[in-house]
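Shown next, in structure tokens, is the structure this report addresses.
Just so you know, all these numbers are worked out from the coordinates, no wet-lab data involved. Just so you know, these numbers come straight off a predicted model, no measurement behind them. All Cβ positions, even for glycine, are placed from backbone atoms using ideal geometry, and neighbour counts span all protein chains on display.
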Amino acid sequence: MPELVVLRDVQDSELRHIEDYLKVGGYQALKKVLLELKPEQVVDEVKKSGLRGRGGAGFPTGMKWSFIPKNVDKPKYLVVNADESEPGTCKDRVIIERNPHLLMEGIVIGSYAIGAHCCYLYIRGEYYEQAQILSLAIEEAYQHGFLGKNILRSGYDLDVHLHRGAGAYICGEETGLLESLEGKKGWPRLKPPFPAVVGLYGCPTVINNVETLATVPRIMERGADWFASLGTPKNGGTRLFAVSGHVNKPGTYELPLGIPLREIIFNYAGGMKDDKVLKAVIPGGSSCPILTADEIDVKMDFDSVAAIGSMLGSGGVVVMNEEACMVKVLLRIAKFYAHESCGQCTPCREGTTWLKNILQRVNDGQGRPKDLDHLMGIAFNMIGTTICPLSDAAALPVRSFIQKFRKEFEYHVHQKACDVAQVMV
Amino acid sequence: MPTLTINQKSITVPDGTTIIQAAEKLDIEIPRYCYHPGLSIAGSCRMCLVEVEKIPKFQPACNTRVSEGMVVHTNTEKVKEAVSGVLEFLLINHPLDCPVCDQAGECYLQEYYMKFGLYDSRMDENKIKRHKAEIIGPHVILDTERCILCSRCVRFVNEVSHSHEIGIFNRGSQSEIRLLPGKILDNNYSGNVVDICPVGALTDRDFRFQCRVWYLSETKSICPGCSRGCNISIHSNRQRPHHAGGRRVMRLKPRFNAEVNHWWICDEGRYGYKFIDDPSRISLARVKEKGEFLVLTLDQVIGRAGEKLREALEKVGRDSVVVVASPRLTNEDLFVIRKFFGEDLGLSQIDFRVPDQNLASGDDFLLRADRNPNSRGAEAVLLDENGFDLTQLLSMENSRKLQLLCLFEQDLTKTLGEAWAKKFLQQFEYVIYVGSNENETSVLSHLTLPSATYAETEGTFTNFEGRVQKINQAVEPLGDSLPTWQIVSKLACALGYRYNYENAEEVFGELAERVVEFQDLAYEKIGDSGVEIPDISKVQV
């Protein structure tokens, strides 16, 4: 069994109350940070650990923190992105439910590192229960002096505010989230300026994912070198993989970065359900290009998955067996992005719905010979042409599905029917 | 001052310049919909994508600031493909109803399709149905099917008019421009959203279906609606006289002037042109005989006016004649009035100031409380040492017999109120009215001479800041009407003076020599955007 980082103390249990968390050594890393380390030292340690953002893009966390300008009069903010909305992803939820105080501890350390005295925790509206859990955790942390004025008599102050979103996927994009937090429509912002310079309310802001921040106390506790040694070079630590689909044991597994996808599916998730044949895997949430059964020996770290043309993304592993119709799966994904496009940029606003409409026809047995080329062409025009990556997220699956399962799509177009088995021959 | 190259052309620009601005200086066209220099950057239409060397992704030219050594390409195959792709996206749900769209001919979907599109349509789905032809305010009509959601209008009401009437509602391809609950697009600058709308989504109720834009001629002019002197273009239809009931001036559009009005004009000014082709225009000269108007030739009536003027001067004397000019007249008109009545005839009772009983108010943007375009010029040209004040005369109970009153564009009935105006007019034996439109004062006059409107003449106005700006002739003077300076010149000739100005420029030449505020100013130097005279602002407050 590999070493656990985030789920270490909560493998089979929950530490919802602060007393339980304190019993397993909770808030000790914070004590060490606040009383012994300067903020720059914390940033350096996280940089050294090689921790990369767990939200999906994999940007080095320490570097993100170091972008916060030092000598500005404006307040600085830490914003926690708990708007976990990528289809196939449910890892942050596990952290919040099982170990909310680990997240709180990470929040205080992160805020201290960037010089923030105010933190907003933005959680998706559908996570009502999880919001209750966090609300309680915040309350307890205040009661025990881990939040509020003069934390652990270090002279450092921090307030944390919980904010529930209203259910838009786009508010998980960091600048869309900031807009939403400011009470506006969740339209991602044009960059530059980047949030580190002009973020929430025009002030320097760091936006970090839940899993990223929950990892930080462990790095401070055990050291950067320990953390880095868990993964592969440039991909330090572990990752929470949320495995779903046609497997025997769907669930969230914490595993070291670089573990082969095959091992995740067949060792940890218990292999294919009913011994059906594996057909395809989405490795990191619905926006990631799909992998075929031949590609599952890929190492699950940011760089290895990118090298074969997909993304590690948010760690949502969706496993599909031979009976899954790829047209139908892609249509489902396309529907999601058409519904969630904010409508700001032309290619995404128009392209997502156009893709969906064509795929609907193909799925319904009304495909036309040129449809597949059109889908590819539309997707091509959507990639890299918009303010935020939602357009890419909608287009990349289309491209990869059609490239890798073209015969299946052609069968739909020409035979006006779905016959997955025939294509699989 | 970074130096960059765009399409192999090099240019040095100030810090903070964006690629789109630098390209404009090089005359390289980068297509854009959401970008407007008068509004904040939205960066969402994605038409201005360019390639910048060493940056892997396309960059929006509107939001990318230039840096030293930057190498930009706007015409590579990659960029062309991206731009034509964006255009295709914009058009898939567009109704393509150009034949019935007012914007046709000045629509940037048409324009850019021809320049950057020219692809074969791949759209084979049903288009999204949306709200059509919705009246959203007194001047503007909205067709959301034609809308490309560039958000210019939304930014305008938020950033320029600060009136916040409209917004983008819903999400994704269901996004639509809508009025905010309980609001209508009703502010004094609402017409500007039609100008900045790059497509036919927002059209002008006033101009709607009146004339195709390709029949319009543009003439640079100045709005006569208030003392701001906003720069405008008069759009007139000289090719299709049977359109729009024979109206010649079809609409006014703002004309950029960084010193005066930027890109905007107010609705009061924009829609204040109707008097030019109104049935109330006085197109023929006439005299009143036995209570009935008798239309005669212009020369006959001017001859009659000359006789009346001579009679008054000879029988009673100079102080029996009063001239009321108008701050709506051009500097040239006013100068000829001053020269003939003041200098040649030696009259001292010349003024243009009538105490307006219905004072308008201005706003904190463009509209000024003084609704006259040339008060400043009238002060400079007419007010001198003589010290005559019409207000005193108006408020006095006059015992002495006044002989002749000559009114230029002065509807005293409106400004003074009916009772006061009638009382004043009755003190005169004879009233001459020179003006462009009929009103309650003109019908009381004994002799009426038709003058041209600002759209039918050329000359200059001086705005409240002392900026001298030029108006140009858009259409021919209606009927027998003539510019006021020509009418006065003819009158002077009738009395034996030699007035043979060829055009307004000649009048201005003499004005510049004779009136200190205009000294050293040459007509051709005024150009399209005017010249500010610092001296004039010190003359009068």
Give the Rg/Rh ratio for segment A:326-415, taking Rg as the radius of gyration of the Cα atoms and Rh as the Kirkwood radius, to two decimals.
-> 0.95
For every helix of n ≥ 4 consecutive DSSP H residues, a contribution of -39,500 (n - 2.57) applies; sum these over chain A, divide by its total residues, and give [θ] at 222 nm rounded to the nearest 500 deg cm²/dmol.
-> -12500 deg cm²/dmol
Once you average over the residues of B:43-50, how many Cβ atoms of partner chains fall within 10 Å of each Cβ?
-> 5
What are the trypsin sites (Lys or Arg not before Pro) within segment B:17-99 that DSSP puts in a loop, where the Cβ has at most 14 other Cβ atoms within 10 Å?
-> B:Lys54, B:Lys57
Projected area averaged over all directions for the convex hull of the alpha carbon atoms of segment B:3-90, nm², comes out at 5.4
Take peptide B:139-151, look around each residue's Cβ out to 10 angstrom, count Cβ atoms belonging to other protein chains, and average those counts.
-> 1
Please give the calculated 222 nm ellipticity per residue for chain B, where each DSSP H segment of at least 4 residues contributes -39500 (n - 2.57) and the sum is spread over every residue; nearest 500 deg cm²/dmol?
-> -6500 deg cm²/dmol
Could you please state, rounded to a whole Å, how far the C-alpha centre of segment B:505-528 is from the C-alpha centre of segment A:103-145?
-> 73
Between beta-carbons, use under 10 Å as the cut-off and find the net charge around B:Gly200, counting Lys and Arg +1, Asp and Glu -1.
-> -4
Report, ordered by chain and residue number, the aspartates and glutamates lying within cross-link reach of A:Lys149, taken as a straight Cα distance under 15 Å and ignoring same-chain residues fewer than 8 apart.
-> A:Glu139, A:Glu140, A:Asp157, A:Asp159
Please work out the C-alpha center-to-center distance from segment B:33-65 to segment B:81-148 and express it in whole Å.
-> 21
Additional length obtainable on full extension of the chain from B:Asp120 to B:Asp97, 0.36 nm per residue less Cα span | 6.5 nm
Quick one: length gained pulling B:Asn7 to B:Leu495 fully straight, 0.36 nm per residue minus the C-alpha distance?
-> 168.9 nm
Per residue of B:117-123, count partner chain C-beta atoms within 10 Å of its C-beta, then hand back the mean as an integer.
-> 2
Hey, which lysines would be in cross-link range of B:Lys315, C-alpha to C-alpha under 16 Å, not counting anything within fewer than 8 residues on its own chain?
-> B:Lys401
With each label point set 7 Å from Cα along the Cα-Cβ vector, what nm distance links B:Glu218 and A:Arg153?
-> 7.6
Determine the alpha carbon to alpha carbon distance for each of A:Lys38/A:Lys70; A:Lys23/A:Lys91; A:Lys64/A:Lys234 and list only those over 20 Å.
-> A:Lys23/A:Lys91
Tell me, what is the percent relative contact order of segment A:326-415, built from C-alpha pairs under 8 Å that lie six or more residues apart?
-> 36
For B:Ile222, enumerate residues with amide H under 5 Å from its amide H, sequence gap 5+ or separate chain, H modeled in the peptide plane.
-> B:Ile232, B:Asn472
Mind checking the log10 I(q)/I(0) for chain B at q = 0.09 Å⁻¹? Debye, one equal scatterer per Cα, no solvent, two decimals.
-> -0.76
Which values, in whole Å and largest first, are the semi-axes of the equivalent ellipsoid of chain A obtained as the square root of 5 times each eigenvalue of the Cα gyration tensor?
-> 39, 24, 17
Ordered by packing density, taken as the mean number of other Cβ atoms within 10 Å over each peptide's residues, highest first, how do A:258-271, B:263-276, B:448-461 rank?
-> B:448-461, B:263-276, A:258-271
Arrange the peptides A:4-12, B:345-353 so that the one whose residues have, on average, the most other Cβ atoms within 10 Å appears first.
-> B:345-353, A:4-12
Gain upon complete extension [B:Glu307, B:Ile184; 0.36 nm per residue less C-alpha separation] = 38.6 nm
Segment B:3-90: relative contact order in percent, alpha carbon pairs under 8 Å with at least 6 residues between = 34
Could you work out the mean projected area of the convex hull around the alpha carbons of segment B:286-538, in square nanometres to one decimal?
-> 13.7
Per-peptide average of other Cβ atoms within 10 Å, ordering B:420-429, A:411-420, B:145-154, A:54-63 highest first = B:145-154, A:54-63, B:420-429, A:411-420
Starting from the Cα of B:Lys80, draw a straight line to each of the lysines and keep only those under 18 Å, dropping any in the same chain fewer than 8 residues away.
-> B:Lys57, B:Lys115
Computed E for B:Ala369/B:Glu476 - FRET, C-beta separation, R0 25 angstrom, nearest 0.05 | 0.15
Segment A:18-229: percent of C-alpha pairs farther apart than 32 Å?
-> 9
